[in-house]
Structure formats: structure tokens, C-alpha cells
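Engineer: The structure is given below, and queries will be raised subsequently.
The values are calculated or read from the model by the stated rules, or taken from the named source; none is laboratory data. Since this is a predicted model, take the numbers as computed values, not measurements. Don't worry about glycine lacking a Cβ; one is built from the backbone with ideal geometry, like all the others, and counts go over all protein chains shown. The accessibility values were calculated without ligands, DNA or RNA, using every heavy atom of the protein model including side chains. Shrake-Rupley method; radii C 1.70, N 1.55, O 1.52, S 1.80 Å.
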Amino acid sequence: MAVYLPLWETVIICFTLPVAGFFLGVLFQSLIRKFTARFQGRRGPWYIVPKSLRPVVGSTRILQPFWDIMKLMYKQTLIPSTAQRKIFMSAPFVAAASLIIAIWFIPVIGVSAFGPFEFSLIVTLYLMLIVPLTIVASGAASSSPWGAIGSYREVILTLAYELPFIIGIFSTAMLTGILTPVYGGLPLIPGSLSITDIVNFQASHSISFFGFKIPAFFIILNPFAAVAILMSLIGKLKIKPMDIPDAEVEVIAGAYTEYTGKLLGVYEMAKIFLLFVSLTLFIDMYLGGALITVDYLGVPSFIWSGIVFGVEAIILILIISVVNAANARFRIDQAFTWYMKIPLALSLIGLVWPYIMVSLAGAGVNIGISIV
Amino acid sequence: MVKGKIKLLKEALRSSGDIQTLDYPSGDPRLDYSQPRFGSGAKYSHICEGLRGAPQYSEEDCCGCAACESVCTANTIKTEDVNGKRVFTIDLGRCVFCGRCEEECPEDAIKLTSKFELAYTGPGSQNPANVRFERDLILCEKCGNPVAPVKQYKIYSEKVLKNLGEKWREQSREDIEKAGKLCRECRRRNAYTLNLHTRKYY
Amino acid sequence: MGLKQKARLYSPWVFHAHCSGCNGCGIEIAAALNPRYDPERIGVTLHNNPRHADIMLVEGIVAKQHVPFLKRTYEQMPTPKAVVAIGSCAITGGVFKPDDDKGPSYTQGGPVDRIIPVDVYVPGCPPKPEAIIDGIIKAAIILSKRD
Ligand code: SF4
Ligand code: SF4
Ligand code: SF4
């Protein structure tokens, strides 16, 4: 049965977590820009501006995406006279709002408002799917040919990455149910669609991995699904080989072409929320949610959790940045075929992998991994 | 494909330790970048040898010959003879930094500097490097048309006289002084009326 | 410095308008935006869309046929905006306008500041990439002081 926090704590978390998520997302985005720049042999946004320049351009650019958004908020907003006004204006707000609600359902270092809800995983998936829908709607409503092409590409890309994403996510969620009875001696949890349950499962179990005792990270128990999800997230976040819908030199800015000022600022905010939600979801699903329950060295466990969360996020950002820097953009048909080939195959393997593991363990074959 | 991707990945990791960016807006422009500073990147000075920047005019040295005007490729330097003055205007907005003026100037009054941060703002502060200066002209005694700038006349008559032999110097000084008072047209007219060969005055 | 001014100074997004120049300046602008000079250090990023841009970099003599498009592009930028005229062509007509007395070349629509208001002029044919970055910083400072 889902156990929620007291009402006032829930309310506080509902307000603080999106704000914290926004600034963490800004930091992640800034790190992506910095790492990508480094991999391209550039410097990227200056984190420490040299002394001689400080009076002119300020002292640090760690929060560069935040300044971009603030700048857009202080700009004039133009709305094309031929646009479908209502859809055009509401789409960015819908995208940002749905992601803020998604943050409520995703535990960040174990803290969440509605994470224990039985179907929070499904709710999160739906809320994350609203973003591409709003982008499609706004591109179509902007009455710009670039917007139309951007929408069209967005639809195809969404169709392509959403299939491996959903299969991968559900095959991972199944792990909580299937593995427990076989390895015996553990409290029996049914396969859960609540993200908090998934996080708690990983935190409360440990596995022996070729003799080493480590927490039961699902990335070890189901690596195929994890890789498929990471590949899908690259499409979701429009990282380099998959930034087809808003390819700058091809379709100007895709669905965002006609957006200016505050509306574009809200979209940029939504992008940052999306980055935060995606990374947190990945950490929750596969890296144990960065949840540490023991006070090592007398330091409170939530500080340890925060450190672990940061380290895991930076590792993910590094992977994303390398992909971003080392790849050229796909054509839309290439992207579709690629998603239908590699990530889909991986996620399907991930779907049957728990059964294979269970039957191997049942047959007494030592595969090096077992829950202790 | 996998092989190519691994190669790209290696390249990305290699370039992360090999930053190519120069620290232009900051840093001392005159710094010597011949020694590698960050990793192995940035071996370059943004004021390098032979950089052609904004032309610098020295009003003291200029004799007003307008040789620079006639060679200037983009009409950056313009001259106009008004009221007994030769007015030079130099609009940096037209300059292509070709260096022809420096090459042709007989007095080395114009030199290309290594100044390159030339961006200027607004019509109010219209081109701080926009120079305007005047040279006095000798006016023709007969018709009042300009003959030559005073300084140029002085410098060149000295030069000519110095190169002449002892024997001719005094006589030539007289001729040159006479010629310097008349414009070309008047000189020519004079020569025909006096039945003299014009070349005598040159 | 308020939040507004700071935000505008910290993230100038540039847009490159190529208005019938010889492309010498275009190449230098591209060079100014490449890893060698990396203006992303100070928040400058290139956008292909006037609607997203704060600073327009104009290059070239703006041929007569090009005049309405330059005007329209300028009007599509949301305020506050700044314009940087790059190269002697954009400032005065440069080598394509040999003499004031003889008038401009028959294709020339006039220097940029006759068509749209220009904030910063970067002389050179073409200017060094460093000079262009200097011009962008000056334009960003002007931009941050706009209402
Ligand atoms: S002295 Fe040099 S700068 Fe002066 S007018 Fe002659 S060529 Fe030009
Ligand atoms: S550098 Fe060339 S264009 Fe500039 S003033 Fe000298 S001759 Fe004229
Ligand atoms: S200023 Fe010079 S380099 Fe630039 S477009 Fe004009 S002619 Fe070409």
C-alpha cells in the first residue's frame, strides 16, 4: 500500500522540488555545454571569467542557461497574425506544467511528493510524452513552413524512440516482481509500477556480482534495457545525432521558429525540466535512485545521497556530452531505422532477460549475478 | 560504423585535453604565445608580426603631397583644396588596411599600426579614428589657384638644391623661387608669352 | 546592475545577415564563432533565426534587391535588438563605392545605416575575428542599457 508523507511535507515538496529541479537542470545543461565544448577542443561557457574582463562581462557563467532564459523573459514577444493563437500561446505552458507535475512523481534522492503512488511510473511516462505533443501542436499552430516540417520530424522521432523507451521501462519495472521469489528468503514484493518502490527495492537489496557485494542496481540486473533507455533519452533530449526536429541549419529552429521572447523562454525552461526529469528517472530506475540509508562516517545519509546523485548525474552528462560531440546529425529516416534496429532490439532482449536469468538460476547455472 | 565511432570518440577525448581556444577578450594581447600555455593549444599571438591595423597619421611629418590619396585603394583618404588650405579627411570606415599609403608616403608620415579593436559605436561618436587635418597651400600670384603645399615646396626645393652642383645652385634657387609662386597653368602661359621653353622652370 | 541588464549582457544571441558582400566578412564571422575564438565563453551563440536573436551581424553592401529583405529581417527581431555593421562595405560601401562624386555602384542600396539603425561599426575588409568579437561585446553592452 502506498505510504505518503504528511500533508504539509507534501505541499512543501511540491513547491520546492520543481525550483530545485530547475536550478539543478540549469546546472546539468551548463555542464553539457561545457563538456561538449571541451570535447570539441573549445572552452565552453567560462566558469571563472579572467580578472581583466570581470567589469565588462561578469564573473561567472555557470548558470548560462538561466541567463539565457532570463534574457528571453525580458524580451518582446511576437505572435504571428496567422498563427492559431490559443494553441500557440498555451503549448509552452502545457509542456512546462506537465514536466513540473512529473517532478512530483519522481523521487529525487528518495524525496518525492507522489512517488509512492502505485502507478507513478505510468503517470510520469504520460507526462513526459506530453512535451513532444505540445511541440508538434505548436509547430503546426505557428503557420510557419519550418514549424510544420519540425512538427512532422518530431512526430516521426517520437514514434521511433517511444517504443524502445516504454518497453525498456516496463521490462525494468518487472524486475522488482520476478527476481524476488526465485532468490528466496526476501520479502515478496509484487512487480511494482511505483517509482518509489523501484528505488526502495534497489536500496534494500544487494547483489553479488562475481563475488563483489554491491547494491542491486538494475543497470547490472538488466543492462540491455538500460542502454536502450539511454539511447531513447538521447532522442528525447534532442542530443546531437537526434536533434533532427530543431536542426538549426536545416529547418531554422523547427517548431520553435516563430517563438520569441517569453514563450520561447518557457519552452527553454521546459527543456531544462525535461533534462532534469530524464536524468532523475534514469538514476531512479537504474542507478538505485542515489538512495543511501546508512549514515557513513557519521555524516547524515541524505548528504551521502546528494553526493552520489551528483556523481551519477555527472557520469550520465559525460556520456551524453561525448555522444553530442562525437556524432553528426542523422537524417530523419536514418534515425527511425536506427531506433527500430538497435534500441528496440536491446529493449526486447531486456524484456526477456529477467526470464532468462531466472530460468538459468533455476537450472543451477552460475551467471555471476545473484541477489543476496 | 562502430570502428568509425570509436575513432571519433578517441578524437573527442584527445581534443578535450588539447584546447584550441585563444584567450582573446581577456589576457595581454602582446603576450608571447610561442610557448604552449594550456595543454598544447593556443600557440598564436593576436598581434602577430606584419599585422596591418589602423593607419596612424602624424600631422607633424606630413608634407601634404597627397600621394597617399592617389594610391589609396578604397578612397579612405580624401583631399580637397579650399581657401588656401588642403584639407585631408580620413574615414577609417572605408579602409581596407592594404598598406599602400604607408608604402608610398615619402615622409613616412603614415604608418599602419597593430591596433585592431576598432569597433566604434553610434553616429554620435562617429569614428574616433576619423581624422581631419589641414595643410597650408601656396597660392598662385597671378590667378590665385593653389600651387603646392608650403611644406612640400620647402622640403623638395631643399632636396633638389642639395643634389645640384655648386655651380648651378645660386642660379637655380632663383628659378625655383620664381616657379614656386605660380601655378602650373600660369607658368605655362608665362613661358609661351616670354618665348621661353617651359622646361626651364622644371 | 539589475537582473534585466545582467541577463541581456550575459546572453547575446547573434544572427548573421549576409547582404551581398564578397563573403570575406562572412568567413571571418564564421571564424570568430569557431573553437579558435569560441565566443560561447561569454554566452554568444549563433542562431539561424532572427526571431531568436538579439544582435544582427550585417555584412556586405546591401544590393538594391536586398534592401527590403534586410528591413524585414530587422523588423522580425523582437526588441531590444542591436545591429553590428561588419566590414567597410556595410559601413560606407567600401571598395564597391569608389567615389562619392561619381555616386555608388548601380547595384548598391546604400550602406547599412541608411536602411536600418546601426549600433556598432567594425571597420576592416575583412575585420579580424578578434575585432568582430570586440564589436559583439560592445553591442551587448549597448543592448544591456536599452529599456
Ligand atoms: S606626406 Fe604622406 S601622409 Fe602626407 S600627404 Fe604625402 S603621402 Fe599623405
Ligand atoms: S591602408 Fe589602404 S585603404 Fe587604408 S588608408 Fe592606406 S591606402 Fe587607403
Ligand atoms: S568589407 Fe571587404 S571583405 Fe567584407 S564583404 Fe565587403 S569587400 Fe568583402
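Engineer: Quick test of the membrane-span-like rule: which DSSP H helices of chain A reach at least 27 Å along their long axis (C-alpha atoms) with mean Kyte hydropathy at least 1.0?
Structural biologist: Working: long enough: A:7-39 (46 Å, 1.27); A:85-105 (31 Å, 1.56); A:120-141 (31 Å, 2.10); A:145-183 (57 Å, 1.03); A:261-286 (37 Å, 1.33); A:301-326 (37 Å, 2.15); A:332-362 (44 Å, 1.15).
Length and hydropathy pass: A:7-39, A:85-105, A:120-141, A:145-183, A:261-286, A:301-326, A:332-362.
Engineer: Quick one: Kirkwood hydrodynamic radius for the range C:1-68, alpha-carbon pairs, angstrom, one decimal?
Structural biologist: By the Kirkwood definition, the hydrodynamic radius is 13.2 Å.
Engineer: Could you work out how far helix C:67-76 tilts from the main Cα principal axis of chain C, as a 0 to 90 degree angle to the nearest 10?
Structural biologist: Here the helix axis deviates by roughly 10 degrees.
Engineer: Considering only protein heavy atoms and a probe of 1.4 Å, how much of the accessible area of the range C:3-145 is carbon and sulfur, as a whole percent? All intermediate terms of the calculation are to be shown ahead of the outcome.
Structural biologist: Details: 2730 of 4830 Å².
Ligands and nucleic acids excluded, carbon and sulfur give 56 percent.
Engineer: Show me the three semi-axes of the equivalent ellipsoid for the range A:74-117, from the C-alpha gyration tensor (sqrt of 5 times each eigenvalue), largest first, rounded to whole Å.
Structural biologist: Equivalent ellipsoid semi-axes, largest first: 34, 12, 5 Å.
Engineer: For the range A:1-53, list log₁₀ I(q)/I(0) at each q in 0.27 Å⁻¹, using the Debye formula over Cα point scatterers of equal strength and ignoring solvent, two decimals each.
Structural biologist: -0.99
Engineer: What does the structure give for A:28-35 when I average, per residue, the other chain Cβ atoms found within 10 Å of the residue Cβ?
Structural biologist: 1
Engineer: Something else: Would you mind giving the mean number of other chain beta-carbons within 10 Å of the Cβ of each residue in C:126-134, as a whole number?
Structural biologist: Per residue, the average neighbour count from other chains is 5.
Engineer: Let's see if you can work this out: charge +1 on each Lys and Arg Cβ, -1 on each Asp and Glu Cβ, no other charges. What is the dipole magnitude of the range B:47-137 about its Cα centre, in debye to the nearest 20?
Structural biologist: Dipole magnitude for the range B:47-137 comes out near 360 debye.
Engineer: Could you tell me what % of all Cα pairs in the range C:3-145 have separations over 18 Å?
Structural biologist: Numbers: 5264 of 10153 pairs.
Tail of P(r) above 18 Å: 52 percent of Cα pairs.
Engineer: Compute the acute angle (0 to 90°) between the alpha-carbon long axis of helix C:129-144 and the principal axis of greatest extent of the alpha-carbon atoms of chain C; round to the nearest 10°.
Structural biologist: 60
Engineer: Please find, in a Gaussian network model of chain C (springs between Cα atoms separated by less than 10 Å), the residue of C:Ile86, C:Ile116, C:Ile55 whose mean-square fluctuation is greatest.
Structural biologist: Result for chain C, Cα springs under 10 Å: C:Ile116 fluctuates most.
Engineer: Scale the Cα Rg of the range A:203-306 by the rule-of-thumb value 2.2 N^0.38 Å and send over the ratio, two decimals.
Structural biologist: Taking N as the residue count of the range A:203-306, the ratio is 1.48.
Engineer: At the nearest 100 Å², what buried accessible area, both sides summed, do you get for B and A when the probe is 1.4 Å?
Structural biologist: Heavy-atom accessible area buried at this interface is about 1200 Å².
Engineer: Using a 10 Å cut-off on Cβ to Cβ distances, tally the other chain neighbours for every residue of C:111-117 and report the average as a whole number.
Structural biologist: Values: counts 1, 0, 2, 0, 0, 0, 2.
Shielding by partners across C:111-117 averages 1.
Engineer: Then there's this: Which order do the peptides C:124-132, B:138-146 take when ranked by the mean count of other beta-carbon atoms within 10 Å per residue, highest first?
Structural biologist: On the way: C:124-132: 24.4, B:138-146: 14.4.
Output ranking for C:124-132, B:138-146: C:124-132, B:138-146.
Engineer: Considering only A:Met174, A:Phe336, A:Leu53, whose Cα is most displaced toward the positive end of the charge dipole of chain A, charges sitting on Cβ of Lys, Arg (+1) and Asp, Glu (-1)?
Structural biologist: A:Leu53
Engineer: Just to check, using Stokes-Einstein with a Kirkwood Rh over alpha carbon pairs, what's the diffusion coefficient of the protein assembly as shown at 4 °C and 1.567 mPa s in µm²/s? Write out the running numbers ahead of the final one.
Structural biologist: Numbers: Rh = 30.2 Å.
For these conditions, the coefficient is 43 µm²/s.
Engineer: Can you give the charge dipole size of the protein assembly as shown about its Cα centre, rounded to the nearest 20 debye, using +1 on the beta carbon of Lys and Arg and -1 on the beta carbon of Asp and Glu?
Structural biologist: 1280
Engineer: Given the rule -39500 (n - 2.57) for each run of at least 4 DSSP H residues, summed and divided by the residues of chain A, what is its mean residue ellipticity at 222 nm, to the nearest 500 deg cm²/dmol? Intermediate results must be reported in sequence, preceding the final value.
Structural biologist: On the way: 13 runs with 244 residues, N = 372.
When only DSSP H runs of four or more count, the value is -22500 deg cm²/dmol.
Engineer: Moving on to the next point. Where both residues lie in the protein assembly as shown, what percent of DSSP beta bridges are antiparallel, nearest 5? Please report the intermediate quantities before stating the final value.
Structural biologist: Details: 30 of 45 bridges.
In the protein assembly as shown, approximately 65 percent of DSSP beta bridges are antiparallel ones.
Engineer: Suppose every K and R has +1 on its Cβ and every D and E has -1 on its Cβ; what is the size of the dipole of the range A:212-264 about the Cα centre, in Debye to the nearest 20?
Structural biologist: On the way: 5 positive and 5 negative charges, 84 e Å.
Using only the charged Cβ atoms, the result is roughly 400 debye.
Engineer: Could I ask something else about it? Give me the 1.4 Å probe accessible area per residue for the range B:47-137, excluding ligands and nucleic acids, in Å².
Structural biologist: Working: 4470 Å² over 91 residues.
Dividing the accessible area of the range B:47-137 by its residue count gives 49 Å².
Engineer: Quick one: what Rg and Dmax do you get for the range A:53-130 from the alpha carbons, in Å?
Structural biologist: Reported Rg and Dmax, both Å: 18.3, 54.
Engineer: What percentage of the solvent-accessible surface of the range A:189-245, computed with a 1.4 Å probe over protein heavy atoms, is contributed by carbon and sulfur atoms?
Structural biologist: On the range A:189-245, the fraction of accessible area on carbon and sulfur atoms equals 72 percent.
Engineer: Buried accessible area between B and C (1.4 Å probe, both chains summed, ligands and nucleic acids excluded), in Å² to the nearest 100?
Structural biologist: Summed over both sides, the interface buries about 2400 Å².
Engineer: Here's a follow-up. Taking the DSSP beta bridges in chain C as the whole, what percent of them are antiparallel, to the nearest 5?
Structural biologist: Restricted to chain C, the bridges split so that about 10 percent are antiparallel.
Engineer: Sticking with this structure for a sec: Considering only protein heavy atoms and a 1.4 Å probe, what is the carbon-and-sulfur percentage of the accessible area of the range B:47-137?
Structural biologist: Roughly 42 percent, rounded to a whole number.
Engineer: Long-range amide H contacts for B:Leu139: which residues qualify at under 5 Å (H placed 1.01 Å from N, peptide plane, sequence gap of 5 or more or a different chain)?
Structural biologist: B:Val147
Engineer: Calculate, axis by axis, the spread of Cα positions in the range A:232-372 along the three principal axes, and write the results as whole Å, longest axis first.
Structural biologist: Each principal axis gives a Cα extent; for the range A:232-372 these are 59, 43, 24 Å.
Engineer: Here's another thing I want to ask about it. Compare A:Gly265, A:Gly110, A:Gly306 in a GNM of chain A, Cα atoms joined below 10 Å, and give the one with the largest fluctuation.
Structural biologist: Its mean-square fluctuation being the largest, the pick is A:Gly306.
Engineer: If you don't mind, another one. Normalised by the empirical 2.2 N^0.38 Å for globular proteins, what value does the Cα Rg of chain A take?
Structural biologist: This ratio for chain A stands at 1.03.
Engineer: Continuing with the same structure: With a Cα-only, solvent-free Debye model of the range B:47-137, what are the log10 I(q)/I(0) values at q = 0.13, 0.22, 0.25 Å⁻¹?
Structural biologist: -0.42, -1.15, -1.39
Engineer: What's the ranking of B:83-89, B:3-9, A:150-156, C:42-48 by average number of surrounding C-beta atoms within 10 Å, highest first?
Structural biologist: Result, highest mean first: A:150-156, C:42-48, B:83-89, B:3-9.
Engineer: Quick one: what do you get for the range B:140-197 if you divide its Cα Rg by 2.2 N^0.38 Å? Don't skip to the answer; put the middle values down first.
Structural biologist: Values: Rg = 12.4 Å, N = 58, 2.2 N^0.38 = 10.3 Å.
After normalising by residue count via 2.2 N^0.38 Å, the value is 1.21.
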